[in-house]
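Following: one structure in structure tokens, then a few remarks.
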Amino acid sequence: DTEVTQTPKHLVMGMTNKKSLKCEQHMGHRAMYWYKQKAKKPPELMFVYSYEKLSINESVPSRFSPECPNSSLLNLHLHALQPEDSALYLCASSPPRASSYEQYFGPGTRLTVT
Amino acid sequence: AQTVTQSQPEMSVQEAETVTLSCTYDTSENNYYLFWYKQPPSRQMILVIRQEAYKQQNATENRFSVNFQKAAKSFSLKISDSQLGDTAMYFCAYLLQGAQKLVFGQGTRLTINP
């Protein structure tokens, strides 16, 4: 299995809703990432989990809450989002350090906040 | 801070032609990795090629090759015998060894015309 999967593919939510994005990989990778991507822009890093511990939070608003229940699974909990949070949310994973460094991306979740 | 610059926002070539995408970066570090990612309209980010800074030999992957000029801090991507499926946004990215944050360029939108 050499892929990162993300669910759902599309999500529409109101500003008062609570929803979650899910990311899964079975490549034995020990680092997992959340990115936000606006149209025609590069991905922006949000969070990094390394060995199931949060290692990087790029000053993301608290309405985004990451969770890493185990080494294969990464969630992003969403609450009270704003319309400007509409974007493509990408998950990625990378092998353990001293192995190789490239990040492998999932297909993304297209989020629309109404 | 490291920066990555892609000076060509858009490019367009005919099928079967060769095209070169430019990327320059700024860093004071000696050990790092460089990547080219492709993001087709299907939106999944796909790793095209990677280069370790300590390697002098330019990386190649089938029709894709790089021209890595470390002193000039240049990392261009050459696509030979271009195909319609190469139509995508291409991002150049930098990763400091030991770090987890990819630094992306702004991207080049490449269109292959039949």
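The values are calculated or read from the model by the stated rules, or taken from the named source; none is laboratory data. As the structure is a computational prediction, the values presented were derived from the model and not from experiment. Glycine gets a Cβ as well: all are built from the backbone with ideal geometry, and neighbour counts include every protein chain shown. Surface accessibility is based on the protein's heavy atoms, side chains included, excluding ligands, DNA and RNA. Shrake-Rupley method; radii C 1.70, N 1.55, O 1.52, S 1.80 Å.
Numerical summary
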quantity: Where residue A:29 falls short, out of the listed (1) under 14 Å from the mean Cα position of the chain (by Cα); (2) in contact (Cβ under 8 Å) with a residue 40 or more places away in the chain; (3) surrounded by 15 or more Cβ atoms within 10 Å (Cβ to Cβ); calculated: (1)
quantity: Within segment B:3-41, considering residues that are within 13 Å of another protein chain (Cβ to nearest Cβ), open to solvent by 40 Å² or more (accessible area, probe 1.4 Å) and touching a strand residue (DSSP E or B) at 6+ places or on another chain (Cβ under 6 Å), the one modelled with the lowest pLDDT; calculated: B:3
quantity: Complete set of residues in segment A:6-26 that are open to solvent by 80 Å² or more (accessible area, probe 1.4 Å) and outside any strand (DSSP E or B); calculated: A:9, A:15, A:16, A:26
quantity: Filter result (assigned to a strand (DSSP E or B) and buried (at least 20 other Cβ atoms within 10 Å of the Cβ)) within segment A:105-114; calculated: A:105, A:109, A:111
quantity: Residue B:44 being in a loop (DSSP other than H, G, I, E, B), within 11 Å of chain A (Cβ to nearest Cβ) and of a type in the set (S, T, N, Q); calculated: yes
quantity: Count of segment B:50-105 residues which are open to solvent by 50 Å² or more (accessible area, probe 1.4 Å), part of a strand (DSSP E or B) and of a type in the set (D, E, K, R); calculated: 3
quantity: Strands (runs of 3 or more DSSP E) contained entirely in segment A:61-102, each with at least 2 residues that are without any contact (Cβ under 8 Å) to a residue 40 or more places away in the chain and either open to solvent by 20 Å² or more (accessible area, probe 1.4 Å) or in contact with a helix residue (DSSP H, G or I) (Cβ under 6 Å, 6 or more places away or on another chain) (or both); calculated: A:64-70
quantity: In segment A:32-53, residue nearest to the other protein chains (Cβ to nearest Cβ) [restricted to those that are assigned to a strand (DSSP E or B) and open to solvent by 50 Å² or more (accessible area, probe 1.4 Å)]; calculated: A:44
quantity: Residue satisfying condition, being modelled with pLDDT under 95 and on the phi > 0 side of the Ramachandran plot, within set A:39, A:80; calculated: A:80
